[in-house]
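Worksheet for the structure shown next.
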Amino acid sequence: MKPRGIVSLRVKFNTYPIGEPGLIEPGCSEARDKAVMQKPVPAYELQPAVRHAEAGDEVDLLEVMRTLWRGKHSIALCAALTLSYGGYKAFVTAQPLYTATAQMALEVSTPSVMNVEAVVLGFAGDEASINTEMAVITSGDLIGRLVDELQLTQDPEFNGAIETSDDQPGLIARAKDVVRGWLNRETATVEDPVLPEEERRDVIDAVRGAIETGSSWDTYVFTISATTEDPDKSALLANTLARVYRDDQARMKIEATEQAAEWLSGRVSELRSELDTHERRISDLRASSSLVSAEGLDALNGQAIELRSQLQQVRGQLERINERLQALRAAEFSDDIQIKLDAAQDGQLESAAGAVASSEPGAQARFDRRFVQVILQTEAEQQRAEALITELQRRVDELSTQFEGQSVDFQELQQLEQEAEATRVLYESFLTRLKETTVQESVHQSDSRILTEARPGEQVAPRRSLMLVMALMAGLLLGSALVLLREFLQNTFRSAEELEQYTGRTVLGQIPRIPTRARVDTIKYLLSKPTSAAAEAIRNLRTSLLLSNVDRPPQVIMATSSVPNEGKTTLTIALAQNLAGLDKRVLLIEGDIRRRTFAAYFRQAPGKGGILSVIAGRDSLEGAVFRPEGLDIDVLAGEQRSNVNAADLFSSDSFQRLIEQARGAYDYIVIDTPPVLVVPDARVIGQLADAVVYVVHWDHTPKGQVEDGLRQFRSVNVPVTGLVLSRVDPKGMKRYGYGGRYGAYARYGRSYYEA
């Protein structure tokens, strides 16, 4: 909605010359230009500064409410229409829907006969598991089983491909049959046949849409609800799905148990074969090495240690023998007996040395023989020690080789025994699990149970009161949107207030549409109905004009408009006739000589001239005017001459002298001028007028045209006295919500006006 124009006044004196080229056509006389230049601009002619919905984003809520109030009839109509449609859908065409609910409970800790939780896990009980179970219930697998079990593919409610007979009698049923037949005829050549699998998937999707699940956050109880067009069908769907879900849990456990048993059986066979292989390799290893034992390895190790100790002792003895033998050989060639004794350390040799000292005969020979014997004995001991060392070393090497070989065999035996033991443990464990699983296959239970079966469903739709309220709200919103959209797109004037706000000028009157078909009937209407609403509106306009300048009431009154067909000619005729009612002499001049519409209102006397004849001097003013039948006014009609330019004619001194002459002969001169946006005649004539009335066609003239027309007058310093909203439609005002702003044409004036 466009905000209303905000009017402010800015003092701005127009400095453009009156005779600016392009504003008035060539041919204007110098006297007219001089008179125009000397014409003062009235003090009230201040240039209005009008702002049209300027860039501000402010929204006047009060104005929005006023707009909605003005459009209350349109809003009420939309609300009534949508409410009627909602009532029709709620009470006539809406298909009743029924909801049935089955209640189930999840078993968190189900006692089992055997401890096989490692093989088949039950329900965990956490929130994620509960949500998972809710999703399982509405899964395609379970819904598909439900569809197959109840043969829902043959149910027209879920299978749209099945034709159903229309139970609605009368015109609605026949219309539906016609439309359905036409659609089938149009699509028969382009539709492909529906495959059974695709049809089943569509039915599953339809059934899934009718199923709802719910759970309570603080319990393990959940519900399964089914909504269909039949209460018994709803209960059947809910109960069947609950049973299918419960049986599916047990079935899944049995299948899992069977799969586990099959896997365990295969695993047990593999472990038994592996265990037999390990035991056979252990037996073969024991048979190939009889001493392969921890005790035998300890005995071998003890023998080796003992032999190494003996070998060490013998080597020590050999070292001492070698030292003694080396000393004996060193002393063998010595003559010193004491050195030999110290080297030999022998008792017999010491006895022989005593005999030598006693100088016994043959003692020296015995001493030497004994010393040689000692050397030979020592050499023999050396040989025996070396032979013993060789033997002991050989035995130590044999024991080391035997110990190393048996150690490798023993380690291999230990590894085989460990592997065999591990395989035996796994085999026994899996064998136990297999026996437990085999037993458990017949005792599995579901993780849920049915607490309450669904009863025949209760009607949940249509919720007629809610549908009516929603339809009413939709109508109100739609009506409000249409009113605001209409106001936003409005580019015309529908009230005097709006026209004043936009232009910044006073609206002198609002003239209703005169209910006549032909223009000639306008005069008859004004004469026959002097107290009609239109006549009273003209009187109000007359009063506003005469009081617009109390010090100098206007004598020459000019009426113009933006474009043709805005009612200005009818207005000038009615205004002239109304001014004559004051017992004044009134002259009505047809200034629109290009169209000359007065002929449609008056029948001119034969031989009478017109405005061109008077200006040209061929006729006098008194001789050219005529008085229509029934009116107390003189009319100076227009004439058309192909070689005369209207703008030049009205700019001439002759036309100015005509107006001056009329001022002396008449009390009021009313001039009907052409539209200001079409030709410049009105701006030229306005230089000689005392009051300029600008006519705006109600709800017809665009705002931009009015603004451009007023700007044309400002450009030549012609003040516009006021505006008139013409051809107002009172019914249209009420329709748009402006009835309360229609002033004299409101409901309070009906008793004062004639029909």
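Observations, loosely collected:
- Cβ pairs under 9 Å, 6+ apart, first in region 535-551 and over 15 Å from GLN577 (Cα atoms) and in contact (Cβ under 8 Å) with a residue 24 or more places away in the chain, second outside any helix (DSSP H, G or I) and of a type in the set (Asp, Glu): ASN549/ASP690
- The listed residues are ASN565, ASN578, and the only one of them that is surrounded by fewer than 21 Cβ atoms within 10 Å (Cβ to Cβ), farther than 18 Å from ALA637 by Cβ and in the same structural domain as LEU710 (by TED's automatic domain parsing) turns out to be ASN565.
- As a summary of the residue check, GLU417 satisfies the conditions (1) in contact with a His (Cβ under 9 Å, 6 or more places away or on another chain); (2) under 30 Å from SER561 (Cα atoms); (3) not aromatic (Phe, Trp, Tyr) except for the one numbered (2).
- Annotation: of all residues in region 431-446 being under 11 Å from ALA261 (Cβ atoms) and of a type outside the set (S, T, N, Q), the one that is modelled with the lowest pLDDT is GLU441.
- Conditions (1) in the same structural domain as GLN103 (by TED's automatic domain parsing); (2) touching a helix residue (DSSP H, G or I) at 6+ places or on another chain (Cβ under 9 Å); (3) not hydroxyl-bearing (Ser, Thr, Tyr): number failed by ARG281: (1)
- Some residue of region 268-287 being among the hydroxyl-bearing types (Ser, Thr, Tyr) and in contact (Cβ under 8 Å) with a residue 24 or more places away in the chain: no
- Residue within region 687-701 that is surrounded by fewer than 22 Cβ atoms within 10 Å (Cβ to Cβ), assigned to a loop (DSSP other than H, G, I, E, B) and at positive phi present: yes
- Only one of the numbered conditions (1) at pLDDT 85 or above; (2) part of a helix (DSSP H, G or I) is violated by ASN159, and that is (2).
Quick grid of which residues meet (1) modelled with pLDDT under 90; (2) outside the structural domain of PRO719 (by TED's automatic domain parsing); (3) assigned to a helix (DSSP H, G or I):
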site	(1), (2), (3)
THR522	yes, no, yes
ALA534	yes, no, yes
ALA537	no, no, yes
VAL550	yes, no, no
THR570	no, no, yes
LYS584	no, no, no
ALA605	yes, no, no
GLY609	yes, no, no
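- Residue list for region 384-438, restricted to those being of a type in the set (Lys, Arg) and over 60 Å from the mean Cα position of the chain (by Cα): ARG384, ARG394, ARG395, ARG424
- GLU319 vs. criteria among the charged types (D, E, K, R), modelled with pLDDT under 85 and out of contact with any strand residue (DSSP E or B) (no Cβ under 9 Å at 6 or more places or on another chain): no
- Residues satisfying the stated conditions in region 619-657, i.e. at pLDDT below 90, farther than 27 Å from GLN577 by Cβ and assigned to a loop (DSSP other than H, G, I, E, B): ARG641, SER642, ASN643, VAL644, ASN645
- Residue list for region 215-249, restricted to those being surrounded by fewer than 16 Cβ atoms within 10 Å (Cβ to Cβ) and among the hydrophobic types (A, V, I, L, M, F, W, C): TRP217, VAL221
- The combined condition, being crowded, with 16+ Cβ neighbours inside 10 Å and modelled with pLDDT of 85 or more, is not fulfilled by ARG455.
Quick grid of which residues meet (1) in a strand (DSSP E or B); (2) in contact with a Leu (Cβ under 9 Å, 6 or more places away or on another chain); (3) assigned by TED's automatic domain parsing to the domain that holds PRO730:
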residue: LEU416; (1), (2), (3): no, yes, no
residue: ALA422; (1), (2), (3): no, no, no
residue: PHE430; (1), (2), (3): no, yes, no
residue: LEU451; (1), (2), (3): yes, no, no
residue: LEU472; (1), (2), (3): no, yes, no
residue: GLY475; (1), (2), (3): no, yes, no
residue: VAL483; (1), (2), (3): no, yes, no
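- Residue that is modelled with the highest pLDDT [pool: residues in region 324-356 that are exposed (fewer than 11 other Cβ atoms within 10 Å of the Cβ) and among the acidic types (Asp, Glu)]: ASP336
- When region 586-603 is filtered for residues that are part of a loop (DSSP other than H, G, I, E, B) and not basic (Lys, Arg), the ones remaining, listed by number, are GLY591, ASP592, ILE593, TYR601, PHE602.
- Verdict on GLN705 being surrounded by fewer than 24 Cβ atoms within 10 Å (Cβ to Cβ) and either under 49 Å from the mean Cα position of the chain (by Cα) or not assigned by TED's automatic domain parsing to the domain that holds ASP632 (or both): yes
- From the list LEU349, LEU325, the one residue that fits, being in a helix (DSSP H, G or I) and touching an Asp or Glu at 6+ places or on another chain (Cβ under 8 Å), is LEU325.
- When residues of region 489-521 are limited to those that are surrounded by fewer than 21 Cβ atoms within 10 Å (Cβ to Cβ) and among the polar types (S, T, N, Q), the one nearest to ALA576 (Cα to Cα): THR516
- So LEU97, is it surrounded by fewer than 13 Cβ atoms within 10 Å (Cβ to Cβ) and at pLDDT 80 or above: no
- For region 73-90, the condition holds for no residue, the condition being that it is of a type outside the set (Val, Ile, Thr) and closer than 30 Å to ILE450 by Cβ.
The values are calculated or read from the model by the stated rules, or taken from the named source; none is laboratory data. It should be emphasised that the depicted structure is a prediction, and the values quoted were computed from it without experimental measurement. Cβ atoms come from the backbone with ideal geometry, glycine included; neighbour counts cover every protein chain shown.
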